[in-house]
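First comes the structure, then the notes that go with it.
The values are calculated or read from the model by the stated rules, or taken from the named source; none is laboratory data. From a predicted model like this one, the values you see are computed outputs, not experimental measurements. Positions of Cβ are generated from backbone atoms using ideal geometry, with glycine treated the same way; all protein chains shown enter the neighbour counts. Each accessible area value is taken on the protein alone, full model and side chains, heavy atoms only, with ligands, DNA and RNA left out. Shrake-Rupley method; radii C 1.70, N 1.55, O 1.52, S 1.80 Å.
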Amino acid sequence: MRTRAQALLGQIPLGKNQELDGLALELANRAHGARASSTVAQYKEPWREFQVWAARMGTPADNTLDVQPELVAMYLMYVYQSAEADEVGHGRVSIASAAIACNFFLAGQPSPTDLPACALVRELSKRTLHTRKLNRGSMQPEHIRAIALRFAGPDALLPDLMMVVSIAIMFAGFLRFSDLAQISVQHDKLVIGDTHMAFEIPRSKTDQVGKGHTLRIARVGGPACPVGLTERLLTLGAYTRVPGPSAEEVGPLLRRVKISAHGHALQQITGAAGSRIPGLSYTSFREKFRAMCDAVGIDRGIMPHSLRIGGNSTAAAHGVPEEARKAHGRWKSDEMVRLYTRKNEDAALEVTRNLGLA
């Protein structure tokens, strides 16, 4: 990656005057001083997150500074959707944009964040993203079963079955939508066995070093079993799971579906090497999820994040230790596990029942 010093030296004619040459070198070497060290450090992680995303879209980390401005606008929209899903304010978009602008400045290049489309995303985030208290409801096992029975029967349509699979996996895996969106159908990244299935989550909000995580979900049987539902989806959708000799990309589990004269089918089966098959957006997922909840009479307070809350809370109600739930949900602290744990009505009444008043 080109440094600010290299960029500045490329703009200053050298060799004509020794004193001027020395001043030019001094200016180049002190370029990082134009930004406070605390600012540069603050933007280090957001910049790396952008590099990881750009690499998934086909731009290697070494070439990040050559990225097209339109791709930066797409990334800011991706960050916007993640902030919307987590119900946080516009700061996440602002920091992502500032980190990109800072690194381009330090490389002596105009920032792609000046593109009008990028400005539009920033303005949209300021107007529509507002931090909310974590007051979402808790999805219950009976909710999952009701949705599965209604929308994942023997004659289920592909888009409906895909949604039910996603809902069951998010509940059982304590997943955020951003985690779900990363599940690849590649045969060695999504492995289904007799007792369980395992899949990779390459990166999550709490995985700041990018190690990734392998999550395992047990086969439990019944109409709402995440493993059985996933097997049905892979068959019905006719997913390609083994990349071809050209290193093609086989794509995510959750993706767009098209309808034709022959019925529903995946909009795209494979992608070119380094070109990611687009998944379903959070907004589309949320709308479909709420429509399913409404159809079976589930309260309006239930949102996609309620699946992560509900899975953890149900496990707690059945005696699963906090440490095990913390690891399964990839939380960093015990406090966050408790924040995502809701007590059901019976648990709340248990205190009164044991006061010896009877």
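General observations
- Failed item, numbered, when GLN267 is tested on (1) touching a Pro at 6+ places or on another chain (Cβ under 9 Å); (2) open to solvent by less than 40 Å² (accessible area, probe 1.4 Å): (2)
- Some residue of the range 289-311 being charged (D, E, K, R), outside any helix (DSSP H, G or I), closer than 26 Å to GLY212 by Cβ and at pLDDT below 90: no
- Top-ranked residue of the range 16-53 - restricted to ones that are in contact with a Pro (Cβ under 9 Å, 6 or more places away or on another chain) and open to solvent by 40 Å² or more (accessible area, probe 1.4 Å), ranked as modelled with the lowest pLDDT: LEU20
- Odd one out for HIS130, checked against (1) part of a helix (DSSP H, G or I); (2) touching a Gly at 6+ places or on another chain (Cβ under 8 Å); (3) open to solvent by 50 Å² or more (accessible area, probe 1.4 Å): (1)
- Qualifying positions in the range 54-71 - assigned to a helix (DSSP H, G or I), more than 17 Å from ALA107 (Cβ to Cβ) and at pLDDT below 85: ALA55, ARG56
- So ALA83, is it modelled with pLDDT under 90, buried (at least 16 other Cβ atoms within 10 Å of the Cβ) and outside any loop (DSSP other than H, G, I, E, B): yes
- Check on PHE199, under 20 Å from ASN312 (Cα atoms), open to solvent by 10 Å² or more (accessible area, probe 1.4 Å) and not basic (Lys, Arg): no
- Candidates ARG308, ARG232, ARG276 - the one that is under 25 Å from ILE147 (Cβ atoms), surrounded by fewer than 20 Cβ atoms within 10 Å (Cβ to Cβ) and not hydrophobic (A, V, I, L, M, F, W, C): ARG232
- For the range 241-263, a residue qualifies if it is assigned to a strand (DSSP E or B) and either at pLDDT 90 or above or surrounded by fewer than 10 Cβ atoms within 10 Å (Cβ to Cβ) (or both), and the qualifying residues are PRO252, ARG255, VAL257, LYS258, ILE259, SER260, GLY263.
For every residue, the table says whether it meets (1) closer than 20 Å to LEU266 by Cβ; (2) surrounded by fewer than 21 Cβ atoms within 10 Å (Cβ to Cβ); (3) without any contact (Cβ under 8 Å) to a residue 24 or more places away in the chain.
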{"site": "ASP155", "(1), (2), (3)": "yes, yes, yes"}
{"site": "MET163", "(1), (2), (3)": "yes, no, no"}
{"site": "GLY173", "(1), (2), (3)": "no, no, no"}
{"site": "PHE177", "(1), (2), (3)": "yes, no, no"}
{"site": "LEU180", "(1), (2), (3)": "yes, no, no"}
{"site": "THR195", "(1), (2), (3)": "no, yes, no"}
